[in-house]
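Student: Pasting a structure here, questions to come.
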Amino acid sequence: MILAVLLAGCSAPQTVPPPSSTSPPPSTPVPQNWNQLSDRAVAALVPKDTFDPDAPWSKDIPAAPGEIVAQTSGVAFLCGDVEIKSGMRVMRHRLWSGPYKVVWQNVHALSEGKTADLLDRVREKARACPSYVRKEGKPERVVTPDVAMDPPPPGFDDLYAYCETAPDVQEGQHNCQAYLARGNLLVNFGSNVISDDPVLTRGTAQQQLKEMLPIVAQAVAAA
């Protein structure tokens, strides 16, 4: 039995534009509350050494906490994007990768609206879409909605998790991920696993997701 992991988060950016400098040019002024949103998003990230030695920290996007990068408005890519409809969003991505474990975290800090509303839209997509094509010409992904999770600690608005196959990335890959809402923060975290046994693959990814929940919730609660 071969059990390994893949090096990218399902909801992590598929392509990442080159980051701009930490100080944007004069023609691109910093939005008034950009720094506040960025600071809160960075504060909600799980510390880099959390998953050592099984999954050492691999990278952050952007690489420096204060960098301003071009970002889409999407917070999920399930059966078509789930996007914010108004206001501004700052997103920070962190990836940990080891030979047998890959986990990741995205933090979305919003200037307007309720992150719980976005989470509801992710839930609706997962329940209504048993399969979809993520990349044109590639095999479709099969979605498993409503993955059982322990409840988050008090003070969180909502939690939802689902799993999906990812044969468009590599045959035998399974991704499980969760969305956790607290105030203006929407935190997406997940695990990617690949093997030749689909039951073992999803079970391993789901277990890693459950193990991440209290760790992620603690970081978000302190932000």
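Student: Can you pull out the GluC sites (Glu not before Pro) in region 87-161 that DSSP calls coil and that have at most 10 other Cβ atoms within 10 Å? Could you put the intermediate results ahead of the total?
Tutor: On the way: sites: GLU112, GLU124, GLU136, GLU140; in loops: GLU112, GLU136, GLU140.
Passing sites in region 87-161 are GLU136.
Student: Sorted by accessible area with a 1.4 angstrom probe, largest first, how do SER38, SER73 fall? Write out the running numbers ahead of the final one.
Tutor: Values: SER38 5, SER73 40 Å².
Reading off the accessible areas and sorting them downward yields SER73, SER38.
The values are calculated or read from the model by the stated rules, or taken from the named source; none is laboratory data. Remember, it's a predicted structure, so these values are computed and weren't measured experimentally. Reconstructed Cβ throughout: ideal geometry from the backbone, glycine too, with neighbour counts over all protein chains shown. When the accessible area is computed, the model is the full protein with side chains, heavy atoms only, and any ligands, DNA or RNA have been set aside. Shrake-Rupley method; radii C 1.70, N 1.55, O 1.52, S 1.80 Å.
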